[in-house]
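Right, one structure below, let's go through it.
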Amino acid sequence: MNTPNERDRQRKATGLDGEARARRYLEAQGLDLIETNYRTRAGEIDLIMADGQTIVFVEVRVRRSRGFGGAAASVTRTKQQKLAQAASHWLLNHGRHAARPCRFDVIAFEGDGPPDWIRGAFEVS
């Protein structure tokens with residue numbers, strides 16, 4: 001039986017593995033890594049990448065199955081708002097990128113299958 005600490009460690013390890021898989025996948029698609037695991041009080045951005053001149057803020061989600069709506073569906077409106085706040089913070093602290101176009105992507109893994117890359121997964125108003 002797993003203790004809460006063991007489950008937390010397993011979940012963290014699964015998340016880190018998913019982020020590494022997402023990074024490799026996106027780099028193979030031609031994106032360039034800028035930063036990983038950018039943390040603010042508002043939340044964390046898993047990957048910040050460049051797609052040409054566009055700054056891409058990437059949320060990585062890993063689920064064992066499509067149950068409960070699947071990985072992509074777990075990026076709720078609340079999570080989107082936290083990502084937008086964290087992205088604003090990043091842009092304020094990296095002024096040379098502030099004028100570049102930006103987008104929010106989601107990379108969703110379900111089981112051992114290939115990633116589902118959702119470009120422009122949501123917009124911030």
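Quick one: is Asp112 at pLDDT below 95, acidic (Asp, Glu) and more than 12 Å from the chain's Cα centre (by Cα)? Give the derivation first.
Details: at pLDDT below 95: yes; acidic (Asp, Glu): yes; more than 12 Å from the chain's Cα centre (by Cα): yes.
So Asp112 passes the test.
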So Ala86, is it among the hydrophobic types (A, V, I, L, M, F, W, C), modelled with pLDDT of 85 or more and within 20 Å of Ala22 (Cα to Cα): yes
Of all residues in the stretch 89-105 being modelled with pLDDT of 90 or more and of a type in the set (Lys, Arg), the one that is surrounded by the fewest Cβ atoms within 10 Å (Cβ to Cβ): Arg100
The listed residue being more than 27 Å from Gly95 (Cα to Cα), out of contact with any helix residue (DSSP H, G or I) (no Cβ under 8 Å at 6 or more places or on another chain) and at pLDDT below 85, out of Arg21, Arg7: Arg7
Flag if Ile48 is assigned to a strand (DSSP E or B), buried (at least 18 other Cβ atoms within 10 Å of the Cβ), at pLDDT 90 or above and of a type outside the set (S, T, N, Q): yes
Criterion (surrounded by 19 or more Cβ atoms within 10 Å (Cβ to Cβ) and over 18 Å from Leu26 (Cβ atoms)) met by exactly one of Ala108, Ala86: Ala86
The stretch 51-79 - residue that is among the polar types (S, T, N, Q) and closer than 23 Å to Asn37 by Cβ and, of those, modelled with the lowest pLDDT: Ser74
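The values are calculated or read from the model by the stated rules, or taken from the named source; none is laboratory data. The structure presented is a predicted model; accordingly, all values stated were derived computationally and were not measured. Positions of Cβ are backbone-derived with ideal geometry, glycine not excepted, and every protein chain shown enters the neighbour counts.
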